[in-house]
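Chemist: First the structure, then my questions, so here it is.
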Amino acid sequence: MYQPIVVDFIPDDEQFIGLDVLQCALTDALPMLSLLSNQQAHTNREEQNFYQLRQEVLWYAGAAGASDAIPAVGLFSVPAIQGKMLHSLANQYGVSWNKKDYAEFVGMLGSGFFTAIYI
């Protein structure tokens, strides 16, 4: 159920009629294209910083997801990977992250962590 999209490039006037509609349709169909087009939208410093760290966050998320595929391993590796990600992000932003902070993080996981053990 794709709808036709009319795009007209007029080189004399440098107008691109329908290009925005085409771009929206492509970003809906191809999420990776959406990520690439969003790169142009990052204008302020915080957005640029996060954009640079997004690959790192996605890597940690992928590692946590992959290790969670093995239930016994994922039970302990996912919180460890998440803690390491927070440590890495803290370093990127100049925030201290030590063993006490990690212990508090594990404590905040609370009953969700212990419920996963018994499921």
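Chemist: Give the peptides 84-93, 64-73 in descending order of average Cβ contacts within 10 Å, highest first.
Modeler: 84-93, 64-73
Chemist: HN-Hα J couplings of segment 89-97 from phi, Karplus 6.51/-1.76/1.60, θ = phi - 60°, integer Hz, Gly and Pro as x?
Modeler: 5, 4, 4, 4, 9, x, 9, 6, 9
Chemist: Full extension from residue 63 to residue 109: what is 0.36 nm times the residue separation minus their Cα-Cα distance, to one decimal in nm? The partial results should precede the final answer.
Modeler: Numbers: separation 46, 0.36 × 46 = 16.56 nm, distance 1.86 nm.
That works out to 14.7 nm of additional length.
Chemist: With r defined as the distance between the Cβ atoms of residue 75 and residue 50 and R0 fixed at 30 Å, what FRET efficiency is calculated, to the nearest 0.05?
Modeler: For residue 75 and residue 50, the calculated efficiency is 0.50.
Only the coordinates and a few stated rules stand behind these numbers; no lab work does. Just so you know, these numbers come straight off a predicted model, no measurement behind them. Using ideal geometry, Cβ is built from the backbone for each residue, glycine included, and neighbour counts are taken over all protein chains shown.
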